[in-house]
1. With θ set to phi - 60°, apply the Karplus curve 6.51 cos²θ - 1.76 cosθ + 1.60 along the range 107-117 and write out the HN-Hα couplings as whole Hz, x wherever there is a Gly or Pro.
2. Cα centroids of the range 113-170 and the range 1-47: how far apart, whole angstrom?
3. Please list the equivalent ellipsoid semi-axes of the chain, computed as the square roots of five times the alpha-carbon gyration tensor eigenvalues, in descending order and whole angstrom.
4. At 1.4 Å probe size, what's the solvent-accessible area of residue 214? Round to the nearest 10 Å².
5. Going 7 Å from the Cα of residue 179 along its beta-carbon direction, which residues of the range 135-157 have the amide nitrogen within less than 20 Å of the resulting point?
6. What does the accessible area per residue of the range 1-146 come to in Å², with a 1.4 Å probe and no ligands, DNA or RNA counted?
7. Could I have the simple spin-label model distance between residue 204 and residue 246, label points 7 Å from Cα toward Cβ, reported in nm to one decimal?
8. Please work out how much length the chain gains when fully extended from residue 23 to residue 63, using 0.36 nm per residue of separation minus the C-alpha to C-alpha distance, in nm with one decimal.
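The values are calculated or read from the model by the stated rules, or taken from the named source; none is laboratory data. Just so we're clear, the structure is a prediction, and the values are computed from it rather than from any experiment. For neighbour counting, all protein chains shown are included, and Cβ atoms are generated from backbone atoms with ideal geometry for every residue, glycine included. Calculation scope for accessible area: heavy atoms of the full protein, side chains included, ligands and nucleic acids excluded. Shrake-Rupley method; radii C 1.70, N 1.55, O 1.52, S 1.80 Å.
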Amino acid sequence: EYTGYFKGIKTYAVTAGQPAFFRIKLLPKIIAGTVESVSGGTVSMLNGLSITFPANAVKDNATGVLYNGTIIVAAQWIDPTSAELNNIMPGDLRGMNTSGAMKLLTTYGMAAVEITGSGGQSLMIMDGKKAEMSFPLPASISATAPQTIPLWYFNEEKGIWREEGSATKTGNKYVGEVSHFSFWNCDVPASFVPFSCTILDSSNRPLPLTLVKITVLSNQTNTWGYTNEEGFVSGFVPGNENLKLEVLQTGICSNVVYSQNFTTTNTAYSAGNISVTGNNVLSARVNGKVLDCNNNPVSNGYIILKLIIFIRGMI
């Protein structure tokens, strides 16, 4: 949590004896616009996300009393094709449908929305009322986007997505109604299986904190994960699907240094040990003791490693 940002929440599957590593990037609360509660209205963002409020449809979250005044709308659209998706979305794209079954979700767009009053008070939609949300649909995944798609909200207490309502594809966007504000998600649910692998370098040393990307070949949607200190990464992938696994070089460029296709069934899939070779794979293990100025061991502190790159030649 940080003032002026939406909460960053991660849900992850654990494997016995293996720590998990992930990154969280907080989303700033961008003011999308304001609406007068008595008349209602629409706020829109340049990326295509919009929220429409009916008249007299908002209450004070603390008192439950009908709010009369200016509604300040903070929002963020989360691009489902973004390479940052795994860092900025809440949860881990698992959700519980209306039948109570856990599903793996393929997202076609998310949004975070928060509404407050002119005095900074938290607001919420009145019981029995709904707001309309329009989610932009990226052109690269529009062809595989279904005409009607379930809507899911993120349950912060449980750490999972919950199905509630649906949205309809209208041109280059999905349009649906919501009864409250949180993170909302347009997703296709599917069965899933556990996945794991261990990434090693050419000397069979673990490659820690390395990005592993898995792509569903039928719709080109992606999921990501980072290896832990032992090079191990695990998570969930769609069952009965043809997938592509890619290992990305750690660093600014994030070039693909390994790739393989694989097919899942309805049981857990382990890719085992994957050795990544080539000149683009650079890793080093640093060992030593950290002492204070009196040569006493430091039990609680930080180590800062500065990477200095020398480039020789003419530009």
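1. Ordered by residue, 3J(HN,Hα) equals 8, 10, x, 10, 8, 10, 9, 9, 10, 9, x Hz.
2. Value for the Cα centre distance between the two parts: 12 Å.
3. 40, 25, 19
4. Its accessible surface works out to 10 Å², give or take rounding.
5. Hits in the range 135-157 for residue 179 at 20 Å: 149-157.
6. Values: 6900 Å² over 146 residues.
Accessible area per residue, the range 1-146: 47 Å².
7. Distance between the two pseudo-spin positions: 3.0 nm.
8. Numbers: separation 40, 0.36 × 40 = 14.40 nm, distance 3.67 nm.
Between residue 23 and residue 63, full extension yields an extra 10.7 nm.
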